[in-house]
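Asks: Let me begin by handing over the structure; questions about it come next.
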Amino acid sequence: MDNDNTIDFKDLWKKQTVSQPDMKDLLVRLSKFKKTALRCLWLTNITLLATSAFIAFIWIYYQPQFISTKIGIVITILAMVVYVFVYNKLLNDYRNIDSTQTNQEYLQKLILIKKKQQFLQTKMMTFYFLFLTIGICLYMYEYASRMSVLAASLTYGITLFWMLFNWFYLRPKQIKKQQDKINGLIGKFEEVNRQLEL
């Protein structure tokens, strides 16, 4: 083979331009992430607090007789209030993302949010679903005791099926969606930081 026709792949590799992520696009994605996260946080607050108020209204209006019903209501409301309280700790982290920060500060903030989200998605979500299930089952007992065995079994069966469906199907999909968003942003900021270090 003729030596003039050989291609130096190493030289070509060194000359190729590395496409740098567009910072404007990255900041737009970060802003969209922040807005979506804040909207989701407020929606969760409103939904769970309205649900708690509705459950308290049921207690006051219908005056349940069994102590199990009252305990169930308290446990259900407690689960919602604790979850909202812990979830709201992310509020300042989301709000503190602004356009004046450095890439490293963005990255650190996103990593902190990711850790808090993981705690929320694992330990807090387990607490929430466990206490919610116990609370609802205790709450339903008074009304189920007045039903036939078949109707009570069907009522508990449908309720528990819905809880399991949420736990094993909807919850993992939601967690994966949240993790994909934040991991994508973290990856982009890490890439920018690596390129700036070169």
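The values are calculated or read from the model by the stated rules, or taken from the named source; none is laboratory data. The shown structure was predicted, so the numbers you read here are calculated from the model rather than taken from an experiment. Cβ: placed from backbone, ideal geometry, glycine included. Neighbour counts: every protein chain shown. For the accessible areas, the whole protein counts, side chains as well, though only heavy atoms, and no ligand, DNA or RNA atoms are used. Shrake-Rupley method; radii C 1.70, N 1.55, O 1.52, S 1.80 Å.
Asks: Do we have any residue at all in the stretch 98-105 that's open to solvent by 50 Å² or more (accessible area, probe 1.4 Å), assigned to a helix (DSSP H, G or I) and either of a type in the set (D, E, K, R) or closer than 30 Å to residue 195 by Cα (or both)?
Replies: Checked the stretch 98-105: at least one residue is open to solvent by 50 Å² or more (accessible area, probe 1.4 Å), assigned to a helix (DSSP H, G or I) and either of a type in the set (D, E, K, R) or closer than 30 Å to residue 195 by Cα (or both).
Asks: So residue 66 fits all but one of (1) at pLDDT below 95; (2) over 19 Å from the mean Cα position of the chain (by Cα); (3) aromatic (Phe, Trp, Tyr); what number is the exception?
Replies: Condition (1) is where residue 66 drops out.
Asks: If I filter the stretch 61-86 down to residues being open to solvent by 80 Å² or more (accessible area, probe 1.4 Å) and aromatic (Phe, Trp, Tyr), which single residue comes out as nearest to residue 121 (Cα to Cα)?
Replies: Across the stretch 61-86, the extreme among qualifying residues is 85.
Asks: Give me the residue from the stretch 142-155 that is surrounded by fewer than 16 Cβ atoms within 10 Å (Cβ to Cβ) and assigned to a helix (DSSP H, G or I) and, out of that set, nearest to the chain's Cα centre (by Cα).
Replies: Residue satisfying both the conditions and the ranking: 155.
Residue by residue, here is whether (1) small (Gly, Ala, Ser); (2) touching a helix residue (DSSP H, G or I) at 6+ places or on another chain (Cβ under 7 Å) holds:
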{"residue": "118", "(1), (2)": "no, no"}
{"residue": "143", "(1), (2)": "no, no"}
{"residue": "151", "(1), (2)": "yes, no"}
{"residue": "156", "(1), (2)": "no, yes"}
{"residue": "186", "(1), (2)": "no, yes"}
{"residue": "191", "(1), (2)": "no, no"}
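Asks: May I pose another question? Out of 127, 189, 161, report the one residue that is assigned to a helix (DSSP H, G or I) and free of Cβ contacts under 8 Å to residues at least 24 places away in the same chain.
Replies: Exactly one residue qualifies, and that residue is 161.
Asks: Could you grab me the full set of residues in the stretch 24-60 that are among the β-branched types (Val, Ile, Thr) and buried (at least 16 other Cβ atoms within 10 Å of the Cβ)?
Replies: 55
Asks: Just checking, which of 113, 134, 175 is in a helix (DSSP H, G or I) and open to solvent by 50 Å² or more (accessible area, probe 1.4 Å)?
Replies: Exactly one residue qualifies, and that residue is 134.
Asks: While we're here: What tally of residues in the stretch 52-96 results from selecting those that are among the small types (Gly, Ala, Ser) and more than 26 Å from residue 119 (Cα to Cα)?
Replies: Going through the stretch 52-96 one residue at a time, the tally reaches 3.
Asks: Scan the stretch 96-115 and report the pairs whose first residue is farther than 15 Å from residue 178 by Cβ and whose second residue is in a loop (DSSP other than H, G, I, E, B) and not β-branched (Val, Ile, Thr), with Cβ atoms within less than 8 Å and a gap of 6+ or a chain change.
Replies: Every condition considered, the pairs that remain are 109/96; 109/101.
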